[in-house]
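Visitor: First the structure, then my questions, so here it is.
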Amino acid sequence: KDPSRFCAFRVVKFRRTGESSRSEEDGISGEHEVQIEGVRTELEPVELGDGAAVPKEFANPTDDTFMVEDAVEAIGFGKFQWKLSVITGLAWANAMEMMILSILAPQLHCEWRLPSWQVALLTSVVFVGMMSSSTLWGNISDQYGRKTGLKISVLWTLYYGILSGFAPIYSWILVLRGLVGFGIGGVPQSVTLYAEFLPMKARAKCILLIEVFWALGTVFEVLLAVVVMPTLGWRWLLILSALPLLLFAGLCFWLPESARYDVLSGNQEKALATLKRIATENGAPMPLGKLVVSRQEDRGKMRDLFTPHFRWTTLLLWFIWFSNAFSYYGLVLLTTELFQAGDVCSISSRRQEVKAKCSLSCEYLTEEDYTDLLWTTLSEFPGVLVTLWIIDRIGRKKTMALSFLVFSFCSLLLFLCVGRNVLTVLLFIARAFISGGFQAAYVYTPEVYPTATRALGLGSCSGMARVGALITPFIAQVMLESSVYLTLLVYSGCCLLAALASCFLPIETKGRGLQESSHKEWGQEMVGRGSHSPGESQE
């Protein structure tokens with residue numbers, strides 16, 4: 001036969017993704033070439049647009065089995081993911097329960113004549129609840145399912161959030177807000193559930209976009225306070241602040257369990273039904289073949305975060321999350337102090353005036369105070385946009401490092417006795433980038449851990465973040481009384497170290513599929529034509 005008479009066959013190139021770029025299996029059975037009728041056909045890469053579905057004729061052409069990762073990539077992004085974005089975003093809008101702390105504290109200080117330490121304790125108890133529960137919620141989500149853990153934590157937060165509006169005395173509201181914090185510690189599991197339904201190319205953008213719900217929650221809380229506080233009071237503000245969680249509770253029946261979790265726990269039929277449901281809603285074909293059931297393994301075990309492969313990653317991520325929360329909430333506290341003083345150089349004289357006042361003296365929040373709160377919260381949106389633009393260009397690790405470096409640089413510039421306008425710009429930029437770094441960490445963390453420990457990994461990191469949030473008032477308020485320059489130096493130095501930690505993370509997750517299991521069972525990912533020739537490998 002004349003080989004020249006053969007038709008040209010388009011062959012899709014698949015690569016089995018490994019646990020890291022240094023995986024021992026990278027060069028073994030990674031890429032395959034197809035021999036047809038004695039003619040050696042070169043592998044041709046196929047380029048897909050962001051979120052585009054894999055054509056049916058290319059869905060698993062060389063195998064009669066597929067994994068959840070293959071199905072998610074083949075189905076692509078569609079109507080199902082849009083619905084999921086809104087519902088998980090409602091859970092993420094629990095930022096209202098955090099933002100209310102800056103409004104509730106001065107109100108109770110005046111109405112109940114609370115000393116300063118009791119006002120500070122009202123804020124700290126929320127972070128104590130979050131810190132103590134984050135790992136627990138992660139363990140529940142790994143053991144009993146992402147949907148289960150998320151629903152229980154949201155309903156818990158909703159119940160005690162509304163109940164705290166009826167607190168008759170200080171001790172009651174202290175306990176109830178602590179229980180609210182305990183529930184909030186599980187809300188980040190919405191990111192775990194959400195990420196496991198997203199195709200690779202859309203994952204970073206989508207996770208960042210649901211972070212917009214956090215920013216919307218903070219803005220809505222300030223606007224709600226402007227309307228409710230002068231007329232109905234703080235009790236109604238607490239009750240109405242639970243509105244997004246109430247909407248989530250009404251819609252959560254639609255949420256499916258993660259197909260990745262179902263496969264890992266041995267529920268193959270349930271996982272397949274979920275994937276078929278997604279394909280139907282998106283109007284996309286399912287991959288050809290049979291769904292592979294991953295090897296069942298123990299889930300939600302803390303020791304799995306410290307295996308040789310993940311030990312260094314876990315320790316570095318814990319410090320990165322600690323630094324994010326330490327710097328983010330520290331800047332929120334410093335903003336009030338700096339705005340009221342005018343600039344850094346005026347803080348010392350202002351502190352002396354404050355010490356002369358009675359500890360029970362109080363001032364209600366004014367309309368100007370609410371305006372300042374609104375402007376500072378708006379800086380969250382530029383942070384999302386900047387992170388959204390760079391995270392798929394330079395990678396997750398470099399995005400986090402850049403965010404920490406910019407925050408550190410802006411903190412050092414605050415040493416200068418600048419005017420209020422320049423001060424506002426520096427604080428705005430610093431908060432935008434530190435919130436952007438936080439968002440990048442929320443993208444990276446679910447991507448780097450396998451399904452068996454993904455929720456626990458995110459939960460433990462979130463717990464370390466609450467440790468940073470607990471410590472930061474002692475720096476931003478107590479140390480500030482002694483030396484404003486030392487305070488700024490602490491925040492700047494911490495973020496410099498966090499930037500280094502980001503660079504030393506051993507795994508870059510940009511362009512990689514989610515790891516199904518700790519036993520190196522990975523999905524398949526398309527190799528795009530953009531920057532790689534057919535013969536090149538891709539990290």
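Visitor: Anything in region 156-188 that is under 20 Å from the mean Cα position of the chain (by Cα) and more than 22 Å from Pro450 (Cα to Cα)? List them, or say none.
Guide: Within region 156-188, Thr157, Val180, Gly181, Phe182, Gly183, Ile184 meet the criteria.
Visitor: What are the residue pairs meeting all of these: first residue in region 177-200, first residue in contact (Cβ under 8 Å) with a residue 60 or more places away in the chain, second residue open to solvent by 10 Å² or more (accessible area, probe 1.4 Å) and part of a loop (DSSP other than H, G, I, E, B), Cβ atoms under 8 Å, and 6 or more apart or on different chains?
Guide: Qualifying pairs under 8 Å: Leu198/Phe77; Pro199/Gly51; Pro199/Phe77; Met200/Gly511; Met200/Arg512.
Visitor: Let me spell it out: the conditions are (1) within 23 Å of Leu237 (Cα to Cα); (2) open to solvent by 40 Å² or more (accessible area, probe 1.4 Å); (3) touching a helix residue (DSSP H, G or I) at 6+ places or on another chain (Cβ under 7 Å), and Arg113 meets all of them except one. Which number is the exception?
Guide: For Arg113, the failing item is (3).
Visitor: Ok, one more. Identify, please: which residue in region 65-79 is hydrophobic (A, V, I, L, M, F, W, C) and open to solvent by less than 20 Å² (accessible area, probe 1.4 Å) and is, among those, nearest to the chain's Cα centre (by Cα)?
Guide: Filtering first and then ranking leaves Val72.
Visitor: Residues being aromatic (Phe, Trp, Tyr), touching a residue at least 60 places away in the same chain (Cβ under 8 Å) and more than 19 Å from Leu240 (Cα to Cα): count how many of those fall in region 141-176.
Guide: 1
Visitor: Considering region 450-486 alone, what residues qualify as being open to solvent by less than 40 Å² (accessible area, probe 1.4 Å) and among the polar types (S, T, N, Q)?
Guide: Thr451, Thr453, Ser460, Ser462, Thr472, Ser483 - these are the residues of region 450-486 that are open to solvent by less than 40 Å² (accessible area, probe 1.4 Å) and among the polar types (S, T, N, Q).
Visitor: Separate question: Within region 138-207, which helices (runs of 4 or more DSSP H) (wholly inside it) include 2 or more residues that are open to solvent by 10 Å² or more (accessible area, probe 1.4 Å)?
Guide: Qualifying helices (runs of 4 or more DSSP H): 146-163, 170-184.
Visitor: Hey, another quick one. Just checking: which of the helices (runs of 4 or more DSSP H) contained wholly in region 237-335 hold 1 or more residues that are open to solvent by 60 Å² or more (accessible area, probe 1.4 Å) and farther than 30 Å from Ala430 by Cα? Steps first, answer last, please.
Guide: Working: elements: 243-251, 259-264, 268-282.
By residue number, 243-251, 268-282.
The values are calculated or read from the model by the stated rules, or taken from the named source; none is laboratory data. These figures come from a predicted structure and were not determined experimentally. Don't worry about glycine lacking a Cβ; one is built from the backbone with ideal geometry, like all the others, and counts go over all protein chains shown. For accessibility, only protein heavy atoms count, side chains too; no ligands or nucleic acids. Shrake-Rupley method; radii C 1.70, N 1.55, O 1.52, S 1.80 Å.
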